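Novice: Just dropping this structure here.
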Amino acid sequence: MQEKLSPFHVAILVYMIQSGIVMYRLPQMLAEHFGTNGWLAIIPMFLLASANILLIGAVYRLGNGVSILVILEQSIPRFILYPFYLIMSCVWAMIGCLISKHYVLIFQMVAFPTTNPMIFKIALDVLIFLLMTKSIYNISKATTVFFWMLMWMVLLLFFFYKDFHWSRLTPFIFQGSTLTIDGFFNVYSAFAGYSLCLFLFPYSDKKTKLIKAVLAGNLITAIVYIYFCFIAFGFYYYEQLKTLQFPLLNLLAYIQLPFVQATENLLYGFFMFSIIITAVMYFWSAKEISKRMFPISDRLLSAIILVAALGFSFIPDVISEVDQWLSYLGYAELALSLGLPLGLIVLLLIVRKRGAALNE
Amino acid sequence: MSKDRVTIGLLVLLIFLAGCGDQRILERTGFIQSTSYDLLPNGRVKFSISLPKADPEIKVSREFLTTVALSGKEARIKLARETNLMLVSGQLRTTLFGLSIARAGLWDHMDTLLRDPTISEQAKIVIVNGDAHELLQKNYKEYPRTGQYVDRLVEKEATGHTIPLTTLYSFTRDYHDDGIEPVAPIVKDAGQNIVVDGVALFHGSSYVDKIKADDSLIFAFLRGNFKHGEISVDLTKDTKESKTAMLSSLASKRKVDVRHETNGRTTVNMQVSVKVSVMEYVGKFRLSNDAQRHTLEQQISEIMTNRAARLIKFLQEKKIDSIGAGIYVRNSMSYRAWKKLNWYEEFPNVNLQCKVKVKIKDYGFLR
């Protein structure tokens, strides 16, 4: 029998999917779109994400934990469904690919300015391939190990207590900037990724407490974000945060040891763990969908998806382009994470009504 | 299983091959440790760098290069033509700015320091009272190579809070903050050695004036909380009983209180409480006598309060809020009212009071 996921693993998995490249820029985005005390904006976003997760929870309950792909295929003809599947898997594969490319481009900027970034990208893709061909249970176990390798870095925030000043936070809330819808969703994309739990339905049972675990993972993300951004806002004045490209890297660079100066190079490497998991889970979801259309071996399918995405990722070759693409894909992802559960709920209700009518 | 081995082998190969791309060979790299900027009358910048030498065949301990260019990075390209080493900025510890360029404003030249991802935010900013190039070029016989000498000097003095430790981070942070102005340590060449000359005060990123080294600890009281510090107080003028006292292990705490009067005037009250150890005392008081010690405490407090008041007056005359009173005024107002207020013009009109309260926590082995 296939092993089921444990609540702890699911919570950590969700946290690792959510925390990714947006974190490098989060304080800057908050300062730019929300202004003073922008870190507070994380709270409503967290609540919004939680509400969205509860919506997914409704699907889980209505469908009795049956895979969403099965639900879809039961009531919608394949020729309508498959183009939709194709779009979904493309979106997710592209997000996974561009996230790792974004990471590599930053890594290249700080450490190896003239090396071709695609060399690193391919090396990272090999790791991603090795992990994504494993079962979700094994992925989640690897995630737990990676989680601890990343989590200790929260302790590094102690370094900033000395230069943290409450007075720099100012008593003003959300002043000194204009909030646009675009800006809001850009920041909200920091929480994106919870929608992937839609694919965890078949791998969980009652003991998994799937929705509670996902909510817990979302909470971990929110706490880490709030703590990190709070420190950033008291360490830098918000006007300065607006000018920084990657505040997280600036913060890492501030940590100085007596024998090495460029600590950010060293510490930045640790973020690879969260990037790998984020990318793996997006690819894995793309694979889960593609499997329904192309019933071929897991490894072959994974390789095809990875190579296709890799070829695609040659097109945007500078950070700003990747950013642009990612923000478009982020909208698609948000639309999916809201639209998919809503659609599924409607579908399930129709099925239920029809079933009731048939029984009469 | 064998398939996995092949992929792992490939991966390892990729990782090692990546090392062939951007090579940095230690012996062939010139780590810029200190740089200096001076403004020439024609508007161009005289840029100098100092790099430590590790080559055992060469007797000198450092290489010194200088050129004239429009910007720091252009200068680096020009300097690279003069040396066999590959110049990198990753180990930059100190940036010296001459008075000429500090007066004109540092911001244009900070861009390169902030943008370059290899430069640490902890690189120090030091202002040179005079020509930075000449100071960096000169070899001080009895001291380590000049760049390191300045770096260590500033770092050591900053731990005693006689000067602020100004890094790229703290300078830009205060530059962006609308309630405080940046400061930086200022040093000068004194023939055989380099001496700390006080604290350079900025408006925006342009040098305005400086605070004498003797007053810099009083300035530190006003600017924030700190531990460690030493000050010698001359008591001859203001008291009959005592001549001098040297106070050590200073721990200073600042409390700021802002009131908006009904007549529209703003009052800022600063309460500075300082705990000290007496390391030297020349005078008639017996410090073990509580009453006499309290009198001494009061006398010292009064002298310090007067010195602080003089310093505040000086800052208000120069219209530079280097002590950050603006932060507290800002935080006591609404956002709109603060944005309407021109703090630069308003600062001289604020009723800014400071009271220093000294408490002697111990007085050594003598009673």
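The values are calculated or read from the model by the stated rules, or taken from the named source; none is laboratory data. Remember, it's a predicted structure, so these values are computed and weren't measured experimentally. Cβ atoms come from the backbone with ideal geometry, glycine included; neighbour counts cover every protein chain shown. Calculation scope for accessible area: heavy atoms of the full protein, side chains included, ligands and nucleic acids excluded. Shrake-Rupley method; radii C 1.70, N 1.55, O 1.52, S 1.80 Å.
Novice: When you go through B:VAL256, B:VAL272, B:VAL356 one by one, which is the residue that is among the hydrophobic types (A, V, I, L, M, F, W, C), surrounded by 15 or more Cβ atoms within 10 Å (Cβ to Cβ), assigned to a strand (DSSP E or B) and within 14 Å of chain A (Cβ to nearest Cβ)?
Specialist: Residue meeting the stated conditions: B:VAL256.
Novice: If you take the residues in segment B:208-218 that are open to solvent by 20 Å² or more (accessible area, probe 1.4 Å) and part of a strand (DSSP E or B), which one is nearest to B:LEU106 (Cα to Cα)?
Specialist: If we take residues in segment B:208-218 being open to solvent by 20 Å² or more (accessible area, probe 1.4 Å) and part of a strand (DSSP E or B), then B:VAL208 is nearest to B:LEU106 (Cα to Cα).
Novice: Check A:LEU200 against each of (1) assigned to a helix (DSSP H, G or I); (2) buried (at least 18 other Cβ atoms within 10 Å of the Cβ); (3) within 14 Å of chain B (Cβ to nearest Cβ) and name the one condition it does not meet.
Specialist: Looking at each condition in turn, A:LEU200 falls short on (3).
Novice: Condition first: touching an Asp or Glu at 6+ places or on another chain (Cβ under 8 Å) and open to solvent by 40 Å² or more (accessible area, probe 1.4 Å). Now tell me which residues in segment B:177-194 satisfy that.
Specialist: B:ASP178, B:LYS188, B:ASP189, B:GLN192, B:ASN193
Novice: When only residues in segment A:29-70 that are outside any helix (DSSP H, G or I) and not hydrophobic (A, V, I, L, M, F, W, C) count, which is most open to solvent (accessible area, probe 1.4 Å)?
Specialist: Among residues in segment A:29-70 that are outside any helix (DSSP H, G or I) and not hydrophobic (A, V, I, L, M, F, W, C), the one most open to solvent (accessible area, probe 1.4 Å) is A:ASN64.
Novice: What residue, of A:LEU267, A:LEU251, is under 21 Å from A:LEU40 (Cβ atoms) and within 14 Å of chain B (Cβ to nearest Cβ)?
Specialist: Only one candidate qualifies: A:LEU251.
Novice: What helices (runs of 4 or more DSSP H), lying completely within segment A:116-174, carry at least 3 residues that are more than 8 Å from chain B (Cβ to nearest Cβ), more than 25 Å from A:THR36 (Cβ to Cβ) and at pLDDT 90 or above?
Specialist: A:117-132, A:136-151
Novice: Can you name the condition, by its number, that B:LEU296 falls short on among (1) open to solvent by less than 50 Å² (accessible area, probe 1.4 Å); (2) touching a Gly at 6+ places or on another chain (Cβ under 9 Å); (3) within 14 Å of chain A (Cβ to nearest Cβ)?
Specialist: Condition not satisfied by B:LEU296: (3).
Novice: Could you tell me whether any residue of segment A:28-35 is at pLDDT 90 or above and under 30 Å from B:VAL88 (Cα atoms)?
Specialist: yes
Novice: Another question about this same structure. Hey, among the residues in segment A:89-119 that are small (Gly, Ala, Ser) and in contact with a Phe, Trp or Tyr (Cβ under 7 Å, 6 or more places away or on another chain), which one's surrounded by the fewest Cβ atoms within 10 Å (Cβ to Cβ)?
Specialist: Of everything passing the filter in segment A:89-119, A:ALA93 is surrounded by the fewest Cβ atoms within 10 Å (Cβ to Cβ).
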